[in-house]
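Shown next, in structure tokens, is the structure this report addresses.
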Amino acid sequence: MILDDRLEAVAGFVPADCKVADIGTDHGYLAMELYKRDKRRTVIAADKNAGPCQAASHTLAEAGLTECIQVRQGDGLKALAVGEADTVCIAGMGGKLISDILSAEPEVLAGLSCLVLQPQNAYSLLRRWLYEHNWHIVDEALAQVDGRVYQIIKAERGQAEIPSELALKLGPVLLEKRPELFAKHVENNLISCHKVLTGLQKSAEPDRGRIQQMEAEIAELEGLL
Ligand SMILES: C[S@@+](CC[C@H](N)C(=O)[O-])C[C@H]1O[C@@H](n2cnc3c(N)ncnc32)[C@H](O)[C@@H]1O
């Protein structure tokens, strides 16, 4: 199997028979698998940089799929014409960069009905961005590669109430579904919170409010284990 568990989870969230673009495709593996698994899909593999575009072209040439999947060099959604895609995958980038990419081309974004996102960080920021821009999360998954747990988010159009701070941090669907890696996901968040708390406590002028807030967050996370 060419995809690791992280990209496998991303692929699993992409609808059948859609017009999908893999933004930041790099090696092009995801784009290739999306087409191979459902040849009704139209697939565009896009990347900002020339090297990854060459790597993706090489992957597709080796698989004999050069004619089936377009490789485009372009910054984020600028690689797409309006209406050309209904689904976008953005994996392996920071949550802020993902939200910036989505914000930068409102007309292309308006033509999308499904987003499959795998942020490397800034999870709350990205989830909040979705809810504040007429998207809502319909599914989430956790995947582990080399000991690191990744979060994969599927969002669709439509207004919904913004989840709680805890749900924005951990994932509203993950909180509900509690998949196999959920305990490790919570433990990772606890480790980060303890690091922040230690930093706050060591400060020359400790911020009592922030310390109390962090202690409450830790207690809430511990309650999930
Ligand atoms: C860490 S790689 C992730 C590759 C692949 N999506 C994955 O998850 O395995 C990030 C890729 O995103 C590309 N990238 C970064 N910023 C981008 C942008 N604004 N638009 C398109 N591609 C971008 C980089 O060139 C790089 O190939």
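Side notes on the structure shown:
- Cα-based helix-to-principal-axis angle, 95-104 vs the chain, degrees rounded to 10: 50 degrees
- Put simply, when 101-110, 22-31 are sorted by average Cβ atoms within 10 angstrom per residue, most first, you get 22-31, 101-110.
- Placing +1 on the Cβ of every Lys and Arg and -1 on the Cβ of every Asp and Glu, with nothing else charged, gives the chain a dipole about its Cα centre of roughly 100 debye.
- Counted by Cβ distance under 9 Å from VAL82, the other residues give a net charge of -3, where Lys and Arg count +1 and Asp and Glu count -1.
- Projecting the Cα positions of TYR131, VAL196, LEU221 onto the charge dipole of the stretch 75-223 (unit charges on Cβ atoms of Lys, Arg, Asp and Glu, taken about the Cα centre) puts VAL196 furthest along the positive direction.
- Its Cα gyration tensor gives the chain an equivalent ellipsoid. The semi-axes, each the square root of 5 times an eigenvalue, are 34, 18, 17 Å from largest down.
- Label point 7 Å beyond Cα of VAL138 along Cβ direction - residues of the stretch 85-111 with amide nitrogen under 18 Å: 85-90, 109-111
- Against the chain, whose longest principal axis is taken from its Cα atoms, helix 208-222 shows a tilt of about 70°.
- Of all DSSP beta bridges in the chain, antiparallel share, percent nearest 5: 40 percent
- Fluctuation leader among LEU174, LEU197, LEU97 - the chain, Gaussian network, Cα springs under 10 angstrom: LEU197
- On Cα atoms only, tilt of 182-202 relative to the major axis of the chain in degrees: 50 degrees
- The residues packed around ALA56, meaning those with a beta-carbon under 13 Å from its beta-carbon, carry a net charge of -3 if Lys and Arg are +1 and Asp and Glu are -1.
- Helix-only mean residue ellipticity at 222 nm for the chain, each DSSP H run of n ≥ 4 adding -39500 (n - 2.57), per residue, nearest 500: -13500 deg cm²/dmol
- For the stretch 171-225, GluC sites (Glu not before Pro) meeting the loop criterion (DSSP other than H, G, I, E, B) and having at most 16 other Cβ atoms within 10 Å: GLU180.
- Among residues other than ASP47 with Cβ under 14 Å from its Cβ, the summed charge is 0 (Lys and Arg +1, Asp and Glu -1).
Bear in mind that the values in this text are calculations on the coordinates, not laboratory data. Everything numeric in this text was worked out from a predicted model, so none of it was measured. As a convention, Cβ positions derive from the backbone with ideal geometry for all residues, glycine included, and neighbour counts pool all protein chains shown.
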